[in-house]
1. Largest first, please: the extent of the C-alpha atoms of the stretch 229-278 along each principal axis, to the nearest Å.
2. Quickly work out the Trp122-to-Ala421 label distance, labels modelled 7 Å from Cα along the C-beta direction, and quote it in nm with one decimal.
3. Remind me, what semi-axes does the stretch 321-391 give for its equivalent ellipsoid, largest first in whole Å, using sqrt of 5 times each Cα gyration tensor eigenvalue?
4. Past the 23 Å Cα-Cα mark, which pairs from Lys223/Lys371; Lys248/Lys298; Lys160/Lys243?
5. Mean projection of the alpha-carbon convex hull of the stretch 192-312 over all orientations, in nm²?
6. Check which residues have an amide H placed less than 5 Å from Arg44's amide H, if you skip close sequence neighbours.
7. Run down the lysines and flag those whose C-alpha is under 30 Å from the C-alpha of Lys318, throwing out any fewer than 8 positions away in its chain.
8. On average, how much area does the Cα convex hull of the stretch 114-221 cover when viewed from any direction, in nm²?
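The values are calculated or read from the model by the stated rules, or taken from the named source; none is laboratory data. All of these numbers come straight from a predicted model, not from anything done at the bench. Quick reminder, even Gly has a Cβ in these numbers, built from the backbone with ideal geometry, and neighbours come from all protein chains shown. Protein only, heavy atoms only, side chains kept; ligands, DNA and RNA dropped before computing areas. Shrake-Rupley method; radii C 1.70, N 1.55, O 1.52, S 1.80 Å.
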Amino acid sequence: MRSPRPSLALSALGCLLVLTGCGGGGFAGDSQAQQNEDGQVTVRMLVNISPNLTQTYWEGLVKPFEQANPGIDVKIEAPTGKGVADTLPQQLAAGNAPDVVETLMADETLAQQLLDLTDQPWAKDTPLAEQARLGGRIYTVGVGVQAQSLVFYNKTAFDKAGIKEPPTTFDEFDAAMGRLKDAGYLPLQTGGDFLTGLQLLQLSNPSRAQLHPTWQQDVKAGKIKAGESLLPYLERYRTWIDKGYVDKNALGMKYADAETNFLSGKSGMYVMGSWFTATEAKAKKDFEVGVFPAPVDKGQTYPGPQGATPAAPYMILKSTPNKDAALKLVQWLVTDPGAVKSQLAQDGNFRTGVERDFTPLEKQVQEILDKAPQGVPQGEGYGDATLPKGFNAAWNTEVQGLYVGKSPKEVAEGVDRWVAAKS
């Protein structure tokens, strides 16, 4: 699991370009492959380490590749900073960049350091490759998709509240929350940390994408304002606080505790990305969890576009002296059936057309992805659909202001001031 989920962007590379130029080690086309004493080429891969994605898991994942390619040794490197996003800038500044990086998405600054994968035929067929293009070029390729606009629900709570079918519109969603409250449940589980703003972005994706199909690009171009365009959802959220549909003290609850609260049966619904299925599968509970696509505004098509993020994205540093080996490794990671299935299952991710052993909840999520008219970036976005760095965190801070007395209009204006200052 990548953590925190809302932000995949690398933030400190602007100044590093001045320090590193084209990256320590030269360009791939101008350098010779570096071999160890045994004559093997060593490919260094910087990866995300998490409870699911351990060092042992990564080493086991690439072992079949090494066995099939005895001349290539893959060295798995864990972050030395808080995560990959902190570690890579340090390595670039030191002239010690890895060959392959997992978990980040390319932006305009980082792309200058990356190998262009556009001419690789296999790259075009990876999940969300087209949506993640930057300036028409492919720099990042992923294994699967993280669905973002999902509402997980307690089926027992719905039965006790007399809710026969999952809501499809926001008006029906509001009505369902009223019934859940009357039945003695907290209608919608939320919490502090990054969770507050993330959930509202996730909920608004299907409607926002129908109103503003190129939302990030239009905000960046000044055609619309981010906060103003999301004001109706801020206003609705404020009514949820006032009616007790969310806990008024939610900001004091950690992300992990919010998950525990839902899985202990105390709340009726929980908005989260598809990675939650991995947590749900391990939890002991006395009720069944279901999932449905986030609702849409009245009169819109349902299900709407699904908020989607590339899962396990990979990129290759342009400075690598081992271009051919790095390309071979990344191609294997994102196209080999065994490698793909392993990564999807390990971190609760999905890919249309790939059959693997699903839990009942995972099967429902895959069906939602298959039926969605398209996948769209949310919040800060990726590729050409990208807002200024830090938008997700700024949005989260402003949304949390609703809990301490700010009006929806004040929150929207705060978001727009932040975007204007960063543009």
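1. Each principal axis gives a Cα extent; for the stretch 229-278 these are 33, 22, 19 Å.
2. 4.6 nm
3. 24, 23, 10
4. Correct reply: Lys223/Lys371; Lys248/Lys298.
5. Computing the convex hull of the Cα atoms and averaging its projections yields 9.0 nm².
6. Distant-sequence amide H within range of Arg44: Lys75, Asp99, Val100.
7. Excluding near neighbours in sequence, the set is Lys63, Lys75, Lys82, Lys124, Lys220, Lys328, Lys341, Lys389, Lys422.
8. For the stretch 114-221, the mean projected area of the Cα convex hull comes to 10.0 nm².
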